[in-house]
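J.: Below is the structure I would like to discuss, written out as structure tokens.
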Amino acid sequence: MKGSWAAIRIIAKRELSAYFESPVAYVFLVIFLLLSGFFTFTFGGFFERGEASLAAFFNWLPWLFLFLVPAAGMRLWSEERRLGTIELLLTMPVAAWQAIVGKFLASWLFLVVALALSFPIVATVNWLGDPDNGVIASGYVGAALGAYLAISCLTSALTRNQVIAFILAVVLCLALILVGFSPLTDLLARWASPWLVEAVSKFSVLTHYDGFQKGMLDSRDLLYFLSVMAYALFATGVVIRNHRTG
Amino acid sequence: MIKVENLSKSFGSKRAVDGVSFEVGKGEVLGFLGPNGAGKSTTMRMITGFIPPSAGAVSVCGLAVQENPIEVKRSIGYLPEAAPSYTEMSVLSFLRFAAEMRGLRGEALRSAIRRVVELCHLENVLGQTIDTLSKGFRHRTCLAQALIHDPEVLILDEPTDGLDPNQKHEVRTLIRKMGESKAIIFSTHILEEVEAACTRAIIIDRGRIVANGTPTELKARAATGKLEDFFRSITRSDTLAEGAA
């Protein structure tokens with residue numbers, strides 16, 4: 001067990017430094033911080049709300065992440081396939097699942113760094129008023145559950161082309177948002193029975209992220225994110241195995 | 001040390017490798033010859049455990065590749081075709097990554113890196129990003145990665161491809177020298193290489209072994225006494241093969 005963790009750590013370390021060795025990481029961080037600031041303060045009506053909370057920030061986060069997380073995850077496997085290094089990696093003494101977990105972990109840590117760098121918004125709201133920091137923390141925990149990221153990991157294993165991996169991931173994540181997006185569920189409610197509408201919206205990240213935003217940590221929401229993640233990573237393993245089998 | 005039995009691989013309806021069997025012992029350097037698309041790389045990939053065979057078995061150092069993939073991978077050094085590497089890394093950090101993945105730490109890691117850097121003449125490019133290197137250096141960086149854990153078995157897919165004549169000569173010499181204490185399989189298109197570095201050669205055509213012997217034996221089978229003529233007499237060029245199919 002100790003040995004398998006060591007391999008995961010080495011792979012994660014290499015992957016994480018690969019982010020920072022290319023300009024991608026910096027571009028990503030700057031765009032994330034600019035956009036999250038813009039959405040929070042300008043679009044999200046941070047000041048008009050008249051309350052000391054990060055609701056404006058967290059409301060927009062699922063939409064902002066819809067584009068940024070696939071951008072962070074698209075290279076994970078597609079780049080390995082393009083360069084041919086997947087052949088090196090998988091002929092080293094590691095199991096495929098270790099490589100998958102290691103790579104996922106690296107991109108997840110990168111995402112956590114990005115989220116952590118949004119601390120000035122937290123500082124601002126604490127300086128201006130007296131927010132419930134427990135709610136803020138729970139919003140961050142929800143944001144850091146890597147459902148989108150695991151899906152991006154899966155799509156990047158499907159192709160050697162990063163652009164295709166990105167677009168596929170955006171489409172899949174968008175689907176996960178839209179099934180719970182109220183303008184759309186309202187439309188569905190016109191002709192479908194309520195239980196169906198509810199069942200469909202249960203598959204949405206929005207539905208399950210809601211609790212985190214309100215500071216209510218529900219084990220069902222947690223289970224939802226963790227199972228999306230586990231399923232996507234498992235599917236990544238299947239894709240990689242099939243790719244090798246030919 | 002390497003035992004390949006009745007190995008086959010099909011991709012869809014295409015049979016890339018068809019019932020290949022051979023053995024390579026310690027101190028042997030096996031040259032793997034054949035036209036493009038004959039199944040050389042596929043066979044090597046199956047030996048390293050990168051792709052599973054459709055039928056047949058491979059064992060390395062007495063262990064079956066399919067049953068003990070991790071153990072087997074530990075004892076193999078592999079240079080894939082086209083020598084891939086993480087191009088955004090520097091040579092040193094790439095080699096350090098390879099060494100760590102092979103379980104080397106501390107002083108063992110440093111001395112392993114020193115050894116392969118010297119063997120592959122990478123001293124002057126250690127700090128450089130692989131992206132900026134010439135093809136010859138990239139190739140040797142990937143070769144260094146394969147040698148870093150001083151493996152008992154080396155699988156080298158076209159180790160001299162893209163090198164200039166001096167570099168080719170050096171790599172050949174290196175292979176011959178390492179072959180004294182290891183089991184090596186290397187594939188090549190260059191027939192002189194077989195005479196220069198191999199103790200034995202296998203010629204593979206359309207997935208099947210068509211000849212197996214020492215370079216001298218193979219040469220003797222050609223009317224002209226030249227390896228090239230023998231090669232041409234028993235293999236088909238891929239244009240001909242396509243035409244027949």
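The values are calculated or read from the model by the stated rules, or taken from the named source; none is laboratory data. Only a predicted model underlies this, so the values are computations on that prediction, with no experimental measurement involved. Note that we place each Cβ from the backbone using ideal geometry, even for glycine, and neighbour counts take in every protein chain shown.
J.: Just need a number here: residues in the range B:125-157 that are within 13 Å of chain A (Cβ to nearest Cβ), surrounded by 17 or more Cβ atoms within 10 Å (Cβ to Cβ) and among the charged types (D, E, K, R).
T.: Adding up the residues that qualify gives 2.
J.: Could you identify the single residue in B:Glu88, B:Glu107, B:Glu123 that is of a type in the set (Asp, Glu) and under 24 Å from A:Leu16 (Cβ atoms)? Give the steps one after another, and end with the answer.
T.: Working: B:Glu107 fails: under 24 Å from A:Leu16 (Cβ atoms); B:Glu123 fails: under 24 Å from A:Leu16 (Cβ atoms).
B:Glu88 is the lone residue from the list that is of a type in the set (Asp, Glu) and under 24 Å from A:Leu16 (Cβ atoms).
J.: Of the residues in the range A:1-32, how many are under 25 Å from B:Arg74 (Cα atoms), modelled with pLDDT under 90 and within 12 Å of chain B (Cβ to nearest Cβ)?
T.: Number of matching residues: 3.
J.: If a residue has to be over 23 Å from A:Ile136 (Cα atoms) and either touching a strand residue (DSSP E or B) at 6+ places or on another chain (Cβ under 7 Å) or assigned to a loop (DSSP other than H, G, I, E, B) (or both) to count, how many in the range A:1-45 make the cut?
T.: Here the count works out to 3.
J.: Sticking with this structure for a sec: So how many residues does the range A:46-92 have that are more than 24 Å from A:Ile167 (Cα to Cα) and either hydroxyl-bearing (Ser, Thr, Tyr) or out of contact with any strand residue (DSSP E or B) (no Cβ under 9 Å at 6 or more places or on another chain) (or both)?
T.: 15
J.: In contact (Cβ under 8 Å) with a residue 24 or more places away in the chain, over 21 Å from A:Phe39 (Cβ atoms) and crowded, with 19+ Cβ neighbours inside 10 Å: is that true of A:Ala147 in this structure?
T.: On the way: in contact (Cβ under 8 Å) with a residue 24 or more places away in the chain: yes; over 21 Å from A:Phe39 (Cβ atoms): no; crowded, with 19+ Cβ neighbours inside 10 Å: yes.
Against the criterion (in contact (Cβ under 8 Å) with a residue 24 or more places away in the chain, over 21 Å from A:Phe39 (Cβ atoms) and crowded, with 19+ Cβ neighbours inside 10 Å), A:Ala147 does not qualify.
J.: If only one of A:Ile136, A:Ile177, A:Ile121, A:Ile164 is within 26 Å of A:Arg14 (Cα to Cα) and in a helix (DSSP H, G or I), which one is it?
T.: Answer to the selection: A:Ile164.
J.: Taking the stated definitions as given, is B:Lys40 surrounded by 20 or more Cβ atoms within 10 Å (Cβ to Cβ), of a type in the set (D, E, K, R), more than 9 Å from chain A (Cβ to nearest Cβ) and in contact (Cβ under 8 Å) with a residue 60 or more places away in the chain?
T.: Criteria met by B:Lys40.
J.: Could you check the range B:78-122 and list, in sequence order, the residues that are under 20 Å from B:Gly162 (Cα atoms) and not hydrophobic (A, V, I, L, M, F, W, C)?
T.: B:Tyr78, B:Pro80, B:Glu81, B:Pro84, B:Ser85, B:Tyr86, B:Thr87, B:His121
J.: For residues that are part of a helix (DSSP H, G or I) and in contact with a strand residue (DSSP E or B) (Cβ under 8 Å, 6 or more places away or on another chain), scanning just the range B:43-60, find the one that is nearest to the other protein chains (Cβ to nearest Cβ).
T.: First, pick out the residues of the range B:43-60 that are part of a helix (DSSP H, G or I): B:43-48.
Among the residues that remain, those that are also in contact with a strand residue (DSSP E or B) (Cβ under 8 Å, 6 or more places away or on another chain) are: B:43-44, B:46-48.
Numbers: B:Thr43: 13, B:Met44: 10, B:Met46: 10, B:Ile47: 10, B:Thr48: 5 Å.
Out of the qualifying residues, it is B:Thr48.
J.: Let me ask something additional. Please go through the range A:81-91 and pick out each residue that is touching a residue at least 12 places away in the same chain (Cβ under 8 Å) and either more than 27 Å from the chain's Cα centre (by Cα) or part of a loop (DSSP other than H, G, I, E, B) (or both).
T.: A:Leu90
Results for (1) closer than 24 Å to A:Ala56 by Cα; (2) buried (at least 16 other Cβ atoms within 10 Å of the Cβ); (3) at pLDDT below 85, shown as yes or no for each residue.
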site: A:Ile167; (1), (2), (3): no, no, no
site: A:Leu172; (1), (2), (3): no, yes, no
site: A:Phe181; (1), (2), (3): yes, yes, yes
site: A:Asp186; (1), (2), (3): yes, no, yes
site: A:Ala192; (1), (2), (3): no, no, yes
site: A:Val197; (1), (2), (3): no, yes, yes
site: A:Ser204; (1), (2), (3): yes, yes, no
site: A:His208; (1), (2), (3): yes, yes, no
site: A:Leu226; (1), (2), (3): no, no, no
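J.: Within the range B:44-78, can you find the residues that are touching a Gly at 6+ places or on another chain (Cβ under 9 Å) and in contact (Cβ under 8 Å) with a residue 60 or more places away in the chain?
T.: B:Val60, B:Arg74, B:Ile76
J.: Return the residue satisfying two criteria in turn: it lies in the range B:60-71 and is surrounded by 18 or more Cβ atoms within 10 Å (Cβ to Cβ) and more than 16 Å from the chain's Cα centre (by Cα), and of such residues it is farthest from B:Ile185 (Cα to Cα). Lay out the reasoning, then the answer.
T.: If we filter the range B:60-71 for residues that are surrounded by 18 or more Cβ atoms within 10 Å (Cβ to Cβ), which is where we start, we get B:60-61, B:65, B:69.
Next, from what is left, pick out any that are more than 16 Å from the chain's Cα centre (by Cα): B:61, B:65, B:69.
On the way: B:Cys61: 14, B:Val65: 16, B:Pro69: 19 Å.
Step by step, filter the range B:60-71, then rank; the result is B:Pro69.
J.: Which count do you get for residues in the range B:61-101 that are at the interface with another protein chain (Cβ under 9 Å from one of its Cβ atoms), of a type in the set (A, V, I, L, M, F, W, C) and assigned to a loop (DSSP other than H, G, I, E, B)?
T.: 3
J.: If you don't mind, another one. Could you say whether any residue in the range B:83-95 is outside the structural domain of B:Glu5 (by TED's automatic domain parsing), modelled with pLDDT under 95 and among the hydrophobic types (A, V, I, L, M, F, W, C)?
T.: Yes, some residue in the range B:83-95 is outside the structural domain of B:Glu5 (by TED's automatic domain parsing), modelled with pLDDT under 95 and among the hydrophobic types (A, V, I, L, M, F, W, C).
J.: Considering only residues of the range B:104-121 that are part of a loop (DSSP other than H, G, I, E, B) and surrounded by fewer than 16 Cβ atoms within 10 Å (Cβ to Cβ), which is nearest to the other protein chains (Cβ to nearest Cβ)?
T.: From the range B:104-121, those part of a loop (DSSP other than H, G, I, E, B) are B:104-105, B:120-121; that's our starting set.
Next, only the ones that are surrounded by fewer than 16 Cβ atoms within 10 Å (Cβ to Cβ) stay: B:105, B:121.
Working: B:Arg105: 9, B:His121: 21 Å.
Out of the qualifying residues, it is B:Arg105.
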